[in-house]
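Everything below concerns the one structure shown next.
The values are calculated or read from the model by the stated rules, or taken from the named source; none is laboratory data. Quantities reported herein were computed from a predicted structural model and do not represent experimental measurements. Backbone-built Cβ (ideal geometry, glycine too); neighbour counts: all protein chains shown. These accessible areas exclude ligands, DNA and RNA; they are computed on the full protein's heavy atoms, side chains included. Shrake-Rupley method; radii C 1.70, N 1.55, O 1.52, S 1.80 Å.
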Amino acid sequence: MSTREMTRAADSATSGDAERGDCVISRGRLGVHGDLTAYQGLSAAQFGTSAARVGDMATSTLQLAVVDDHPAILRGVLAGLQEFLPQLTSPLSAATVSDLFAALGGTGFLDVVVLDVQLADDSDPASNVARLVDAGLPVLLYTQEGRRSVISRCFKAGASGIVSKSEELATLAAAILQISQGQAFLNAEWAAALEDAEDWPVPDLAPREAEALRLYATGLPMKSVARRMQVAEDTAKEYLDRARQKYAKAGRPAYSKVDLYIRAVEDGYLPAPQDATQPPLP
Amino acid sequence: MILTRSSLYRGLHWGACAILVMLWLGAAGQQAFSPTAYPGVTLPVVMATGAAIILWCLVDAIRTAEQPWALRVAVVFTFGCGVVQWWGAYPPSAPTVLPPLLILASASYGVAGFALGPIGGVVVSVLAAGTIFLARRDLLGTTESALTALPHLTTGCLAALAIAIMARTATKVETALGQVWEERETQARARSLSAASVRWDSLIHDKVLGALRLAARARTPADRAGAAELAADAISSFRVVGSPASLGDLSDAPAMLALVTDDRLAEDGQPWGGDLGWAAPAWFEGQLRRHALRLGLHLHWEVQADGSTAILPSSQARAVMDAAVEALSNVARHSGVDSATASGAFEAGRITLRITDSGRGFDSAQVGAGRAGVSRGIVARVAIVGGTASVRSRPGHGTTVTIDVHAPSPRGPFATTQTWNPLDFVAIFAIAAVALIDYAALALVHADGARSLPVLGACLVFAYLLGTVATFTPRRFAPAAYAAGLGCGVLAFVSTVNLVDPGQIGWHYWFVGITNPTIAVLMFRFPSRWALATVASVVTGIALGQAVSGGVHVGVLVDTSPQLIAFAMASWGIRTALDGATAYLNTAAAGLGRLRVATAALEEADRVAAERTRSLGSRVEAMLRRIAAAEELDASDAARCLVLEAATRDRLVAGPLVSPAVAAAVQVCRARGTTVVLTAESPSAGLASEAAAPAVGPAGAPVVEPVAAPAAAPVAEPAAAPVAEEVLESFRRVLVAALQVAGPQARVLARWRPGRDRRLGSISIVGSSTVDRPEVREVLQGAIDGHLLDVDLSIDEESVLVDVRLRTGVAAGMGARTATLGHVAEDSTN
């Protein structure tokens, strides 16, 4: 078994969170969520100390890939990131998800894939996310994309977080760090994408959970959300995380009929398509 | 529209010319074998004139003249011949011989239906038949003359009727096709608009904003070079207003198609025609080559296309495409070689595609449940659309992926089944029945010319039987055609033998006329060779009959054959016109429609590009040009870049929200050091870009300082109620107030997002510097318009939250928009 699978198995034992295709590994307790105020305006040096707050760093090197269709942007991002994350070693960059898979080879492993939502090959963003997630690679969306439906579909497909391109690189670094540790990066954009997502109905979302989501989506920090809900900060985080889990359960990362079919075949609900009988090649 | 008419009329025009030629030859032949006594040079002059007119008709046909003047003149001329014959009463060699002038006269009604229209055709038929009747009355007696004139009348009416039906059908098809293509065009426009908007917006996001950001933060020449690259890229995508080369008049489809290359059409990866089901081999080839190139493969294309375009539903075409691409990816990934061959065939309604490589292969018999990419992906994708796919490989022997998809039976305007309906021809069959009765009557009138009455009766019955067989046996049952053809020959033989005097020309040869309807039906319902074979068999039958009775009389053959041939050719002409028109219609209209759709899509895309370019503004463009020139920017320039970037981003992401007042307030606020993030969406924005409804892009905002630009014409929002704009304006006022009170180092996040429960949006200010100010609550409260808005203002030690809702009771304008959120967004990948 690969490291990844073992980690996943261990986690599912503790938190009961084994979703097929859902690479967001929840560790049974909430990690630090994307609290933007903590990272705003931090310089790289300061960031280093803050990073220690994030919890024990499971990996001493960070394997990162960035998928973005413009090399210049990639270069800029990667150069900037290395200042914040010294443990970042030779990040991969690719213009499309297919290129990434080609560069990665069959058994490559990455801690995080930073994925631009709109790519030059006009691929469907949710499909891109799904492909990566299915391959066991956590996905961080990096985009200026405003359309709620697109973002929510990406989350439904299993993305672990979203960072706006206009944010400071410190924020991106923080998100990468969190996701590389198997947590989801929850911020206002994430909450906004889930809130009222029409094609992602969660029937049993508790009112408190929905309210937490709504308040968080307005951009308030966790403390303020908790205060307005008159609960402790940890409780508010709990609400958010529960909401996240419910959404994850309700959203199978299958996004096209073919994939549903393939999924169904894999799950054994449908018989595998018979290979036509033909004489073997000479 | 023009295409339909011209293709149909072209066929008819040629048919008419053929009839003229046949009858001219018939007249000449008739005169050669059974001369009528014409004075002096009358007949040669007439024939010469006729020949000249026919030549003119042929020229007209070649020129595809719009108005068939030559044919009209021919009608008048040939009718005149009939009148001349009547007037002159020139005696034929035998009473029953049809004088050449009358043969020519029959051309008039044959051609009038086309030359003068259906009603003209009927009128001319009546007149011509009348003239023929009158011309022969003295020789044959009233009854017989009438009976012999009647077939001319019925034939003429049949021809006119047939033409009327064809024209009507053509119009029907045209209209239907036209409508279909209108709809497709609208859809294509909408799709293209939304796709182009998305593409353009992401272009701006990535390249314009990226370039500005990179330039502002550039510290090394490498950074500057990167920014320059981005900026240059962005600039090259800008479109000048009034852009694409005008595509002019769309009547010359092939030339137009050449202008708009397949490469550009195939950019969005859609099979041409989108939902329409084109699967042009060229499209497949283009797409596969692109993918092969990207994968670093060399692709040999050996697919046979038989000229017709395989018409598949787009889901099938896409499935084949996806499976083929996956096969190519596997070649790239697993085979160890860098070339692949695509072979197979594209036929109407069926695609067989084989991707072969000569790489290291694998044991395909072993692989079953494991390798998702190889077996599952390809086979599953194709199986889902009802096709079959197989992957065959042996270690060391390469791999072959075979994809085989049949189209379901075609429907709609792409059906290559005939557009004319046999039911349309009920009228024709009815008239044919009348003609049959007429011939029967003639036969009985001339019963004395027959040796044996019972044989005559049997032949009559047999003739009816043949006609019935030809009309009613199912088309697939080809032996029916053989039987009918053979039967006609037998009928001809027997009837000829039955004649007392086979050498005598006249209505004893009633059975020639009676086979005409059979021939016509055979021509329509079976491949044309059967009708022509029937003609041959009748002529053979007559000849054999004559031979058996005592000697072949060529004159008789010459007298009777042209009629048969002319009838067969006329039917053939009509049928070819119909069939040809249908097929040509489909192809041409589809080609034209494809062009229309492509043009529409490109127009929309270019329009969006032009609008967005304009709305970007000259200052952004100027700055981009400086960046593209890799100019070194000083600190103030860098700051300008960031300001421009932020302002552009605001307009793109929060278009509806950003008014000049808002933009100014944002700028001031940012100058203070506050972070301001704005987002806005119109309620339909999320839905429309997926659904096939006319999309609403993020509306281009009006002029915004400091990035001044001429006001961009915004993409109109569907039925924006006036109330909605007021509400938005009141939200803006609150926002401006919030921006005014936000302290330095604070973070303002304003969202305009109409949603459930009358929610409109929120404004949050996070940062203690704001909260510490006492006047915050006052200022914010003051900005709220209590009539329209219901605002929840909450302030705690770290943050201010303004939660904005629509006041209950405010007009349904907003409510309707809010209600659209109740729709479940359509899954665009379905």
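Being buried (at least 20 other Cβ atoms within 10 Å of the Cβ), modelled with pLDDT under 75 and within 30 Å of residue B:432 (Cα to Cα) holds for only one residue in B:601, B:577, and it is B:577. Note on region B:789-802: residues that are open to solvent by less than 10 Å² (accessible area, probe 1.4 Å) and over 17 Å from residue B:747 (Cβ atoms) amount to 1.
The single condition from (1) open to solvent by less than 20 Å² (accessible area, probe 1.4 Å); (2) out of contact with any helix residue (DSSP H, G or I) (no Cβ under 7 Å at 6 or more places or on another chain) that residue B:39 fails is (1). Entry remark, region A:46-68: residues being modelled with pLDDT of 75 or more, surrounded by fewer than 20 Cβ atoms within 10 Å (Cβ to Cβ) and either touching a His at 6+ places or on another chain (Cβ under 9 Å) or charged (D, E, K, R) (or both) number 0 in total. Residues of region A:137-152 that are part of a loop (DSSP other than H, G, I, E, B), more than 8 Å from chain B (Cβ to nearest Cβ) and either modelled with pLDDT of 85 or more or closer than 18 Å to residue A:171 by Cβ (or both): A:138 alone.
Among the residues of region B:519-534, those identified as closer than 12 Å to residue B:484 by Cβ and in a helix (DSSP H, G or I) are B:519, B:520, B:521, B:522, B:523, B:525, B:530, B:531, B:533, B:534.
The residues of region B:60-112 that are in a loop (DSSP other than H, G, I, E, B) and within 30 Å of residue B:508 (Cα to Cα), listed by number, are B:89, B:90, B:91, B:92, B:93, B:94, B:95, B:96, B:97, B:98, B:99.
Every test in (1) over 30 Å from residue B:731 (Cα atoms); (2) modelled with pLDDT under 80 is passed by residue B:621 save one, and that test is (2).
If you go through region A:158-178 and pick out every residue that is assigned to a strand (DSSP E or B) and surrounded by fewer than 24 Cβ atoms within 10 Å (Cβ to Cβ), you end up with 1. Scanning region A:196-216 for residues that are free of Cβ contacts under 8 Å to residues at least 40 places away in the same chain and either of a type in the set (S, T, N, Q) or more than 8 Å from chain B (Cβ to nearest Cβ) (or both) returns A:206, A:207, A:208, A:209, A:210, A:211, A:212, A:213, A:214, A:216. Return the total of residues in region A:179-226 being crowded, with 24+ Cβ neighbours inside 10 Å, part of a loop (DSSP other than H, G, I, E, B), in the same structural domain as residue A:248 (by TED's automatic domain parsing) and not β-branched (Val, Ile, Thr). Summing the residues that are crowded, with 24+ Cβ neighbours inside 10 Å, part of a loop (DSSP other than H, G, I, E, B), in the same structural domain as residue A:248 (by TED's automatic domain parsing) and not β-branched (Val, Ile, Thr) in region A:179-226 gives 2.
No other residue among A:134, A:116, A:124 is surrounded by fewer than 22 Cβ atoms within 10 Å (Cβ to Cβ), in contact with a Ser or Thr (Cβ under 7 Å, 6 or more places away or on another chain) and under 24 Å from residue A:248 (Cβ atoms) apart from A:124. Inspection of region A:185-194 finds a residue satisfying the criterion of being closer than 24 Å to residue A:74 by Cα and within 11 Å of another protein chain (Cβ to nearest Cβ).
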